[in-house]
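Engineer: This structure is in structure tokens; I'll ask about it shortly.
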Amino acid sequence: QVLSHNLYTVLCIPHDPVALEEHFRDDDDGPVSSQGYMPYLNKYILDKVEEGAFVKENFDELCWTLTAKKNYKPDRNGNSVVSHRDAFKLWCLFNFLSEDKYPLVMVPDEVEYLLKKMCTAMNVELNSCELDDYLSQEPQAQGGLTVWQFLDMVNSGRFLRGIDQEAISMAVEEVYQEIIEDGYLWKRGQLRRTWSERWFTLKPSVLSYYMSEERKEKKGSITLDKHCCVEVLPDRDGKRCMFCVKTLYRTYEMSASDTRQRQEWTLAIQTAIRLQAEGKKSLHKDLKQKRREQREQREQRKAAKEEESQRLKQLQEEKERKLQELELLKEAQRQAEILLQEEEQRRRQQHEEMQRTLEIQLQEAEQARASMQAEMVLKEAEAERQRKRILELEEMQERLQEALQQEVKARQDEEAVRYAQARLLAEEEERLKELMKLKEEQEEYIIKTQREKQVLKQEMENKNKCLEEAQKQLEEVRVNRQRVDQDVMAAQRKLRQASTNVKHWNVQMNRLMHPIGPGEKRTNVSGGVFAGYQPLLSRKDSSLK
């Protein structure tokens, strides 16, 4: 009830004790918690508050009275850096600069801003490094300071060391008046034109003035809009540091205590007029919003930088992983090259074995050719023997049958030679097919090897050279075969000539065996004892043909 009554009084709204009794009718035995009091506070008090209908400083003093006794702990020996009144003003400044969320905290940037303002008012420099060390040593201060932590930090004298309490009090008052925009000015009356000292309070849309700083008696107000302006006036009538505020209907003349105060008031009023035209509420709130936006931008840049560093770290890890994969691929490539070399060595060995086999076959062909030459020598010897037999015609009668048998044998030998020749030709064709197959395999091997690796090109050219040498050898074998064929044909010619000679000597033999007598005809020579040889000779001629 006492709290509600004080809130009704300070906020200038009608008292309603019945509503309080009705709201807590069902729960009036035990103490009321803050959660239980908030619905009543919102519904019956705060919802009825009108903007500008109450004095905010009175409301601040009430809240300070309710909270300071329990939470504010100054030095018991009276050695506090700031007085109780200055602590209240710092409390008001804290509420103005704190973040718009509950519980209220002031971020480190705003703490540094407020302390710099106070040090500037005292013409001293703030040690930012010491402030950063203090904030880093307090884990709970990383997200921001509460008002009681802030007051304890100021009372510790750590940042205001060596400065007396009076200077600190004046600095707090100056910063308070600058930010809260209150202070004493001399004002000239409109009718009597006399000068009176008034307490001025600057709001975004109105400049109010009171009899004293307690603001119990309001003397008037100046409405600020886009048609208002502020001008600096020259000193006259014993007043200095004069300026005026012009509206559409009246001009207000005022005088400050010094040039600095006049500059601050003129700048503050001009800013209020500009903010009123722009639809904003307060210069310091606007600056506070800009500082907040700058902090958010810094945090965003910091987050972006951290994200970029994280991305770079991921890229570095990905690069290292790819390097590892590349090393594995190189190792696999080396293993593949080793396998390829082993496979190439195995193929080279197979090729060498095949070449050796081909050489062996060529040697066998040479041996066969030599054997054929030996046989041809034998044939020539046989022909020589036949010539000797022809020279011995006297003995041909008894050995004629033997000669015919030898001729049959010669034909058989000729057929055997022809069969051997055909077999040799077949073997040559088989070897040629093998060579062609080998050539095709070598070409396929060359194509496959060129696809796998170009390094084998020189070796394949060597293989082609070997193949060409083999083909040359085959050509030599073919030439030798043609020479053998010519020798066989010469032997056949000699055989035919021998047969012709046999016929001739048979005729001579018949003539010798049947001498022609006087008076006998030549036709009778074919008859007689040797008439039986004619069918044999006829058969021989037909066989020779």
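Engineer: Could we say that Lys437 is closer than 30 Å to Lys379 by Cα, open to solvent by 70 Å² or more (accessible area, probe 1.4 Å) and at pLDDT 85 or above here?
Structural biologist: Judged against the criteria, Lys437 is not a match.
Engineer: Any residue in region 17-40 that is modelled with pLDDT of 85 or more and surrounded by fewer than 10 Cβ atoms within 10 Å (Cβ to Cβ)?
Structural biologist: no
Engineer: Run down Arg236, Arg262 and say which single residue is under 19 Å from Glu197 (Cβ atoms), in contact with a strand residue (DSSP E or B) (Cβ under 9 Å, 6 or more places away or on another chain), without any contact (Cβ under 8 Å) to a residue 24 or more places away in the chain and not small (Gly, Ala, Ser).
Structural biologist: The conditions single out Arg236.
Residues are listed down the side, and each one gets a yes or a no for (1) within 14 Å of Val154 (Cα to Cα); (2) in contact (Cβ under 8 Å) with a residue 40 or more places away in the chain; (3) open to solvent by 30 Å² or more (accessible area, probe 1.4 Å):
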{"position": "Leu93", "(1), (2), (3)": "yes, yes, no"}
{"position": "Val105", "(1), (2), (3)": "no, yes, no"}
{"position": "Leu114", "(1), (2), (3)": "yes, yes, no"}
{"position": "Lys117", "(1), (2), (3)": "yes, yes, yes"}
{"position": "Glu130", "(1), (2), (3)": "yes, no, yes"}
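Engineer: Considering only residues that are in contact with a helix residue (DSSP H, G or I) (Cβ under 8 Å, 6 or more places away or on another chain), assigned to a loop (DSSP other than H, G, I, E, B) and surrounded by 13 or more Cβ atoms within 10 Å (Cβ to Cβ), which ones fall in region 226-249?
Structural biologist: Answer for region 226-249, where residues must be in contact with a helix residue (DSSP H, G or I) (Cβ under 8 Å, 6 or more places away or on another chain), assigned to a loop (DSSP other than H, G, I, E, B) and surrounded by 13 or more Cβ atoms within 10 Å (Cβ to Cβ): Cys228, Cys241.
Engineer: Ok, one more. What are the residues in region 357-400 that are surrounded by fewer than 11 Cβ atoms within 10 Å (Cβ to Cβ) and in contact with a Lys or Arg (Cβ under 6 Å, 6 or more places away or on another chain), if any?
Structural biologist: Across region 357-400, there are no qualifying residues.
Engineer: Can we say Leu283 is modelled with pLDDT of 80 or more and open to solvent by 20 Å² or more (accessible area, probe 1.4 Å)?
Structural biologist: No.
Engineer: For the subset of region 336-371 comprising residues that are touching a residue at least 12 places away in the same chain (Cβ under 8 Å) and under 17 Å from Leu435 (Cα atoms), which member is farthest from the chain's Cα centre (by Cα)?
Structural biologist: Out of the qualifying residues, it is Ala365.
Engineer: Continuing with the same structure: Residues in region 199-211 that are open to solvent by 40 Å² or more (accessible area, probe 1.4 Å) and either at pLDDT 85 or above or within 26 Å of Arg85 (Cβ to Cβ) (or both): how many?
Structural biologist: Final tally of qualifying residues: 2.
Engineer: Further question on the same structure: Count, please, the residues in region 440-468 that happen to be free of Cβ contacts under 8 Å to residues at least 24 places away in the same chain, open to solvent by 50 Å² or more (accessible area, probe 1.4 Å) and under 53 Å from the mean Cα position of the chain (by Cα).
Structural biologist: Looking only at that region, the number is 16.
Engineer: Taking region 326-377 as the region of interest, how many residues are under 21 Å from Glu459 (Cβ atoms) and of a type in the set (Ser, Thr, Tyr)?
Structural biologist: Going through region 326-377 one residue at a time, the tally reaches 1.
The values are calculated or read from the model by the stated rules, or taken from the named source; none is laboratory data. Model, not experiment: these values are computed from the prediction. Quick reminder, even Gly has a Cβ in these numbers, built from the backbone with ideal geometry, and neighbours come from all protein chains shown. For accessibility, only protein heavy atoms count, side chains too; no ligands or nucleic acids. Shrake-Rupley method; radii C 1.70, N 1.55, O 1.52, S 1.80 Å.
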